[in-house]
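Shown next, in structure tokens, is the structure this report addresses.
The values are calculated or read from the model by the stated rules, or taken from the named source; none is laboratory data. Just so you know, these numbers come straight off a predicted model, no measurement behind them. Cβ placement follows ideal geometry from the backbone for every residue including glycine, while neighbour counts extend to all protein chains displayed. Just so you know, the surface numbers come from the protein's heavy atoms only, side chains and all, with ligands and any DNA or RNA stripped out. Shrake-Rupley method; radii C 1.70, N 1.55, O 1.52, S 1.80 Å.
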Amino acid sequence: MLEIENIRAGYGAINVLWDVSLTVAPGELTTIIGPNGAGKTTLLRALMGLVPVTQGSIRLNGKPLNGTATWNMQDSGVAMIPEGRMIFKDMTIEENLMLGAFAKQHRVQAQERCEKAYAMFPRLRERRTQPAGTLSGGEAQMLAMARGLMSDPKLLIIDEPSLGLAPVVVNELFEILARLKAEGRTIVLVEQNTHQAVGVADHVYLMQSGKVVLSQPASEVSLEKLHDLYFAH
Ligand SMILES: Nc1ncnc2c1ncn2[C@@H]1O[C@H](COP(=O)(O)OP(=O)(O)O)[C@@H](O)[C@H]1O
Ligand SMILES: [Mg+2]
């Protein structure tokens, strides 16, 4: 579904990604793990057209994706749930949700999708008229996920959803991810929570210093080996 071939990308004169290649199969959950600063977020930004790709190609269902403006990504069926959640604290929960269906073709279905989101995240329904700033960290992450689903994306990209959350909330989050996967959605999940990410994934990539250093089906991953690699420099 998604083919990233040999890309380089970075910030101005600073190159971060070095010849990164990665494939995402339809209906699968692909996880990208790696320590802080490995370039995981930069890779997702490159995918979304937020940082320029200076070498290589990105294709979605065979069509070039690089060059697609970020605001047109919804048309391509791609949605990203960014690191740090990026919800609008002064707006209500429902207003935040509606922003996820901002593009014209999604507006007619916005109400129906909102209902679907509330069915999946009942606590958001209870709080729908409250400012999003009143939510706990876990609830804010659920809101960010629900907003990402409002455009009914074929490809859902999630950057470090478990960051800063209590273990019990992290478990809840991984249950949601498993449900989304069971719905047949294609998911790219960036995580530092290696154990749980590998548990829910079909395929695992490990990134380090801007490079892919391991690509393996999740069923073949040895957590012990992965940790050795993770901490090796
Ligand atoms: N806006 C930016 N400008 C310059 N360098 C950046 C910027 N954002 C990230 N970097 C650098 O890019 C590298 C990779 O960062 P990032 O992609 O955020 O890693 P990760 O998500 O794996 O923690 C780091 O060395 C970081 O300092
Ligand atoms: Mg990051």
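A few remarks follow.
- Of the residues Arg8, Arg59, Arg45, Arg85, the single one that is within 24 Å of Thr194 (Cβ to Cβ), touching a residue at least 40 places away in the same chain (Cβ under 8 Å) and open to solvent by 30 Å² or more (accessible area, probe 1.4 Å) is Arg85.
- Cβ-Cβ contacts under 7 Å between residues 6 or more apart (or on different chains), taken from a first residue in the stretch 206-232 that is within 11 Å of Val20 (Cβ to Cβ) to a second residue that is open to solvent by 50 Å² or more (accessible area, probe 1.4 Å) and not in a strand (DSSP E or B), are listed as Val213/Leu229.
- Count of the stretch 128-167 residues which are of a type in the set (S, T, N, Q), open to solvent by 10 Å² or more (accessible area, probe 1.4 Å) and within 13 Å of the chain's Cα centre (by Cα): 1
- Selection of the stretch 175-213 for residues being open to solvent by less than 50 Å² (accessible area, probe 1.4 Å), within 16 Å of ligand 1 (Cβ to nearest atom) and among the small types (Gly, Ala, Ser) yields Ala197, Gly210.
- Residues (over 25 Å from Thr41 (Cβ atoms) and either modelled with pLDDT under 85 or touching a Phe, Trp or Tyr at 6+ places or on another chain (Cβ under 6 Å) (or both)) located in the stretch 65-108: Lys104, Gln105, His106, Arg107, Val108
- Residue, farthest from Asn36 (Cα to Cα), within the stretch 214-233, restricted to residues that are open to solvent by less than 50 Å² (accessible area, probe 1.4 Å) and in a helix (DSSP H, G or I): Ala218
- Within the stretch 121-145, residues that are without any contact (Cβ under 8 Å) to a residue 60 or more places away in the chain reach partners that are assigned to a helix (DSSP H, G or I) and of a type in the set (Ser, Thr, Tyr) with beta carbons closer than 7 Å, at six or more positions or on different chains, in the pairs Leu124/Tyr118; Arg125/Tyr118.
- Counting only residues that are under 20 Å from Leu177 (Cα atoms), open to solvent by 80 Å² or more (accessible area, probe 1.4 Å) and among the hydrophobic types (A, V, I, L, M, F, W, C), the stretch 11-37 holds 0 of them.
- Restricting Ala197, Ala178 to those that are within 15 Å of ligand 2 (Cβ to nearest atom), of a type outside the set (Val, Ile, Thr) and part of a helix (DSSP H, G or I) reduces the list to Ala197.
- Only helices (runs of 4 or more DSSP H) whose full extent lies in the stretch 1-114 are considered here, and the ones with at least 3 residues that are in the same structural domain as Gly137 (by TED's automatic domain parsing) and of a type in the set (A, V, I, L, M, F, W, C) are 93-99.
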